[in-house]
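Visitor: Just dropping this structure here.
Please treat every number below as a calculation from the coordinates, not as lab data. All figures in this text were calculated on a predicted structure; none of them were measured in a lab. Because the Cβ atoms are built from the backbone with ideal geometry, glycine has one as well, and the counts that use them run over all protein chains shown.
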Amino acid sequence: MTKRERWSRIQAIRQELVARIHKKYPRVEHLQTEIRASGMIAIIGGPDVFDMFMDRYDTFWLSEAPHVRLAGGEGCFVGVPARTPHEVLASHGMRPGAPYVLDAAHDVTVTPWRPE
């Protein structure tokens with residue numbers, strides 16, 4: 001399988017995930033009801049999935065590896081690269097906490113962003 005074929009497959013899987021979430025929970029409020037029953041949820045996905053929940057995170061953990069570039073990759077949020085991930089999170093009223101260094105030699109960090 002070529003890189004392009006793998007990327008196309010990843011995109012198709014992501015689109016299917018978004019479609020399934022929308023089918024089961026046509027309104028975010030329906031999902032919130034289920035979350036309240038269990039108390040916790042972790043959101044995985046990409047720009048479209050993150051965007052669905054952007055105004056509902058209690059914490060968004062932004063991982064950054066500034067020296068890494070993925071050929072054919074896309075921004076982590078809708079609107080990236082026109083805006084930085086920091087600008088997107090800040091535009092939703094989130095502020096960064098202290099970053100945790102995961103790999104000092106390569107400047108890899110993870111930073112909690114929380115609503116003000």
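Visitor: What is the distance, in nm, between label points placed 7 Å from the Cα along the Cα-to-Cβ direction at residue 100 and at residue 82?
Guide: Calculated label separation equals 3.3 nm.
Visitor: Moving on to the next point. At q = 0.29 Å⁻¹, what base-10 log of I(q)/I(0) does the Debye formula yield for the range 51-116 when every alpha carbon is treated as an equal point scatterer in vacuo?
Guide: After summing over all Cα pairs, the log10 values are -1.32.
Visitor: Using modelled amide H (1.01 Å from N, peptide plane; none on Pro or chain starts), what sits under 5 Å from the amide H of residue 62, excluding residues fewer than 5 places away?
Guide: Placed amide hydrogens put 111, 113 under 5 Å from residue 62.
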